[in-house]
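Structure first, then comments.
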Amino acid sequence: LGLDRRAAGFVGFLEKRLVWFVLLFSGALAGLAGVCEVAGPIGQLVPQVSPGYGYAAITVAFLGRLNPFGILCASLLMALLYLGGEAAQMSLNLPLALSGLFQGMMLFFLLACDVLILYR
């Protein structure tokens, strides 16, 4: 539909039908991704499925400012933080929670900057 619903209606798109189709199709793709994640690496179900992907996705969305290029850069930054945290845990004997603390502080300060800029 884009930003102009009227123009999409003139072309022949039905708004409600298109919204429902996109919702169902994206849900099916998310379910397929979940099945691949759960059954993919070892081929069977494991008790702990998600190692915190939802929290990382929220942080990536805020860091990327809901911009596709920004989300790509933010996801690369978060991947480096995860890998760096694991490497620091193994080589320097630091707790893994330290990288989670750093990610949380980064999100907190980003949101605090947004609030301060909005209400300056």
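The values are calculated or read from the model by the stated rules, or taken from the named source; none is laboratory data. On a predicted model such as this, the values are computed, not experimentally measured, just so you know. For neighbour counting, all protein chains shown are included, and Cβ atoms are generated from backbone atoms with ideal geometry for every residue, glycine included. Just the protein is used for accessible areas: all its heavy atoms, side chains included, with ligands, DNA and RNA removed. Shrake-Rupley method; radii C 1.70, N 1.55, O 1.52, S 1.80 Å.
Quick notes
- Check: the chain dipole with +1 on Lys, Arg Cβ and -1 on Asp, Glu Cβ, in debye: 440
- Rg [Å, one decimal], Dmax [Å, integer] - the chain, C-alpha atoms: 19.7, 63
- Relative to the dominant Cα principal axis of the chain, helix 97-118 is inclined by about 50°.
- Protein accessible area in the chain, 1.4 Å probe - carbon and sulfur %: 73
- Inter-label distance, nm, simple model (7 Å from Cα along the C-beta direction), LEU76/MET90: 2.3
- Estimated at 0.36 nm per residue, the fully extended path between ARG65 and VAL115 surpasses their Cα-Cα distance by 16.6 nm.
- Between helix 68-92 and the chain: long-axis angle, C-alpha atoms, 0 to 90°, nearest 10: 20
- Per residue, the chain exposes an accessible area of 82 Å² to a 1.4 Å probe, with every protein chain left in place.
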